[in-house]
Each structure stands twice: as C-alpha cells, then as structure tokens.
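Taken together, the values in this text are just the output of simple stated rules run on the coordinates, not laboratory data. Worth saying up front: this structure is predicted, and the values here are computed from it rather than measured. Neighbour counts run over all protein chains shown; Cβ positions are idealised from the backbone, glycine included.
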Amino acid sequence: MNETPALLFNRLDLYLIAAAFLLAVGIYGLIRRRTLIGMLISGELIFSAASLNLMAFNRFTAHDQTVGQIFVLFIMGLAAAEVAIALSLIIAVYRNYQSVRAAELSELKG
Amino acid sequence: MNPFPAANLLLTGIFLFCLATLAAGALLAVFSKRLIRSVCGLAVCCFGLAGLYYFLHSPFLAMMEILVYVGAVCVTIVFAIMLAEPEEPSDAETSGASMMWASAALGVSLAVFCSLAWLGSQTKWTYPVRLDNDGSIAAIGIALLTTYSLPFELISLALLVAILGALVLARTGRSLPSETNIPVANGEPKWPGTNGARRRVDGTSSDESLELPDVVTTASAPHGSHAHRAAKASQPREESQPV
C-alpha cells in the first residue's frame with residue numbers, strides 16, 4: 001500500500017482533511033445556530049466527521065478490516081437513537097415555550 | 001494490466017465529486033438561513049459521505065448511510081421542523097454581539113480545521129503488512145455474530161429504549177385544546193386523554209370545573225344553554241361530533 005502514491009482516493013490524508021472539514025463546519029454551526037434543531041443538525045455533521053475518520057483509519061491502517069465498519073455501524077444506530085430522543089425533547093420544549101430558540105430556555109436563570 | 005486506461009481518471013473524478021458534494025452539503029447545512037434548507041444540506045452531505053464510504057471499500061456502510069441518515073434522520077428532522085415551526089431571527093444578524101459571535105465561531109472552526117488537517121497530513125502513518133480479512137459483508141456478518149454479538153444485542157436494546165423514551169417524551173406535555181388554536185367547532189376536539197388532563201389541571205371533577213376550559217366552545221355553539229353543554233360534556237365523545 002505504500003508503493004501506490006498517486007491515486008487520489010487511496011490517500012489517507014485526504015480523508016482526514018475531509019473529516020476535519022466536517023468537524024470544523026459542525027463546530028461552527030454548533031456555536032452559530034440559535035435554534036435547537038440547527039444545533040442538532042450541526043451535531044450530526046460532527047458525528048459524520050467521526051465516522052469518516054474511523055472508516056479512513058480502518059481502511060488504511062487496521063489489520064482487521066471489519067472493526068471500523070462495525071464501529072461506524074454502531075455509531076449510526078446510536079445517532080439515530082439520539083436524534084429520536086433529541087427531537088422528542090425539542091417537541092416537548094416547543095409545547096412548553098412555544099419556541100425552539102436556545103436563548104429563550106432560560107427559566108433557571110436567576 | 002489495466003484494461004481501461006481512463007478508469008483511474010474517472011475514479012478520481014468521481015471521488016472529487018463526492019468530496020465536493022460533502023463540502024457543499026456541510027456548508028449548506030450550516031450557512032443557510034432556513035432550517036429546511038439546512039436539513040436538505042445534511043442530506044446532500046450524507047450522500048457525499050456515502051460516496052466516500054464506497055471509496056473506502058465499504059459499500060455496505062454506504063448503503064446504510066443513505067438508508068439511516070437520509071431515510072430516517074433527515075425525515076425525522078423534517079417532521080420536527082414541521083411540528084415546531086422554528087423561525088430563524090433575521091433582525092439580530094447585524095448587531096455587534098452577533099457579529100462577534102460569528103467571528104469567534106469562524107476562528108474556532110478554522111483553528112480546528114487547520115490544526116487537524118496539518119496533523120493528519122504531516123503524521124507518518126504506519127500501514128499494515130498483512131490483513132486479517134477483506135472487510136466484505138460476509139466478514140462483517142461473521143464478526144457481528146461472533147465477536148460483537150453483545151454490542152449488537154445491546155444496541156437493539158438501546159434503540160428500543162430510545163423509541164419508548166421518545167414516545168413518552170413527545171406524548172406528555174401536550175397543552176389543553178382550549179389554549180391552542182385547534183378548531184373546536186361543535187363541541188370538543190378529538191384529542192385522546194383530554195378529560196384526564198382537565199381533571200388534573202382543575203383539581204376537581206365536578207361539572208362546574210368541567211366548564212372552565214370550554215371558553216372556545218361558547219363562541220362556536222351559541223345556542224346551547226349551560227345545562228345542555230354540561231350534559232354534553234359529560235356524555236361520551238362520539239355524541240359531540242358534528243352530524
């Protein structure tokens with residue numbers, strides 16, 4: 001695998017840079033978004049970044065090629081569960097506050 | 001050796017297209033004003049990610065990415081957007097604090113991206129000399145049923161608990177029908193569990209307290225007397241439906 005330098009899709013660093021880009025965009029959205037659903041979407045981008053990193057390392061540096069795939073599969077399942085819980089929480093918050101803006105959920109603020 | 005000499009060029013083009021799809025989807029998911037476009041950006045990003053999974057020798061995960069993320073997660077977020085109708089504030093975009101937050105977020109994300117990209121491209125990764133298996137779907141299935149059988153069962157349990165928790169969380173906290181704009185013409189709206197919620201809110205269960213949240217029905221049914229409406233409220237729900 002070392003002696004194939006050329007092909008662009010067989011280079012580990014490109015996948016790592018793509019994953020870093022996804023993580024950076026997700027962090028930006030997590031800071032910048034004001035609604036809970038927007039934050040959730042940015043969180044999904046960060047999940048995708050972690051999955052891409054694991055898959056890239058699994059493809060290029062792991063002996064057992066199934067470990068990363070199974071790990072990413074579990075990440076997908078947990079992300080689906082997390083999205084279901086988070087969205088039902090958001091719906092419950094909307095029923096109580098009539099808004100999903102994060103700045104208005106300040107009932108505990110003194 | 002290569003029967004089709006332009007294959008590598010074609011593959012590189014497809015790979016770059018997948019990368020561009022990923023980047024464009026991520027940028028659209030974060031920078032668009034309306035949340036529904038943001039969800040569409042997430043779906044586009046997941047398609048690009050599925051293409052990258054395909055290039056990483058895992059067509060199974062590419063399919064699962066499209067199936068789970070585009071088919072389930074994005075559709076669920078779209079449902080939540082339709083239920084919660086979030087409005088993105090547009091007047092606060094030009095204020096000083098908002099611009100400060102935007103520049104701070106941009107600085108943080110740029111620092112994260114540059115440092116991680118530099119770290120990933122500068123490190124000398126060690127590549128394995130031999131592989132234990134080929135990572136095919138058969139190998140994944142064997143590993144899921146032998147080595148990873150306990151996490152496989154546990155994640156099914158986690159999904160079950162998540163579904164039940166989501167149902168419970170979305171079920172409770174429903175407001176009374178007289179406080180929302182649910183049309184209540186000709187009697188009561190057809191909501192399950194309304195009588196129980198009313199009794200809990202009012203504290204008592206007499207006929208007088210049953211009339212208290214019925215303010216909306218007074219305007220919509222002006223011909224009914226008090227006693228008639230009280231008798232109507234205590235009757236079964238099918239009686240109050242419009243005929």
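Data overview
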| quantity | calculated |
| --- | --- |
| Loop trypsin sites (Lys or Arg not before Pro), the range B:1-56, which have at most 13 other Cβ atoms in a 10 Å radius of their Cβ (DSSP) | B:Lys33, B:Arg34 |
| Longest site-free stretch - chain A; sites: GluC sites (Glu not before Pro), DSSP loop, at most 10 other Cβ within 10 Å | A:4-106 |
| Tilt relative to chain A, helix A:12-32 - C-alpha long axis, 0 to 90 degrees, to 10 | 10 degrees |
| Simple label model, 7 Å out from Cα along Cβ direction - B:Met100 to B:Thr147, nm | 5.2 nm |
